[in-house]
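**Q** Provided herewith is a single structure, encoded as structure tokens, for subsequent inquiry.
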Amino acid sequence: FGCETAIAVASLATELIQGKTAAEAMEMKPEELSGELGPLPPMKIHCAELVQGALRDALSPESQALGQAESPSKPDGLAPTLRDSLNEGQAKSGSINIQFLDE
């Protein structure tokens, strides 16, 4: 949810992080995340900063560790979450590259 600019920056960010490691994605600056949209007006710069913060929160090791510590056990039959899948891949290889499947 959010205004049109925040949604546009978030959508663009999903394309820009493809093929990057979590660390590379977390290093992206707001200007990079909104680059193809052109310069944002001063009252919309926070939209790119919001997306940057959300990426960092979602991908940071501290966030993943915190989520694991606080997450209740899942009832049987539920599919794994995105965080579960990312953590499983990281445990196997040591790093994660963000990839999207073509539809």
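The values are calculated or read from the model by the stated rules, or taken from the named source; none is laboratory data. These numbers come from a predicted model, not from an experiment. Neighbour counts are summed over all protein chains in view; Cβ atoms, including those assigned to glycine, are modelled from backbone coordinates with ideal geometry.
**Q** Given the conditions (1) in contact with a strand residue (DSSP E or B) (Cβ under 8 Å, 6 or more places away or on another chain); (2) at pLDDT 70 or above, and given that SER95 satisfies all but one, which numbered condition is not satisfied?
**A** (2)
**Q** Regarding segment 14-36, can at least one residue be identified that is of a type in the set (S, T, N, Q) and in a helix (DSSP H, G or I)?
**A** Checking segment 14-36: at least one residue is of a type in the set (S, T, N, Q) and in a helix (DSSP H, G or I).
**Q** Any chance segment 61-73 includes a residue that's farther than 27 Å from LEU101 by Cβ, at pLDDT 90 or above and part of a helix (DSSP H, G or I)?
**A** No, that holds for no residue.
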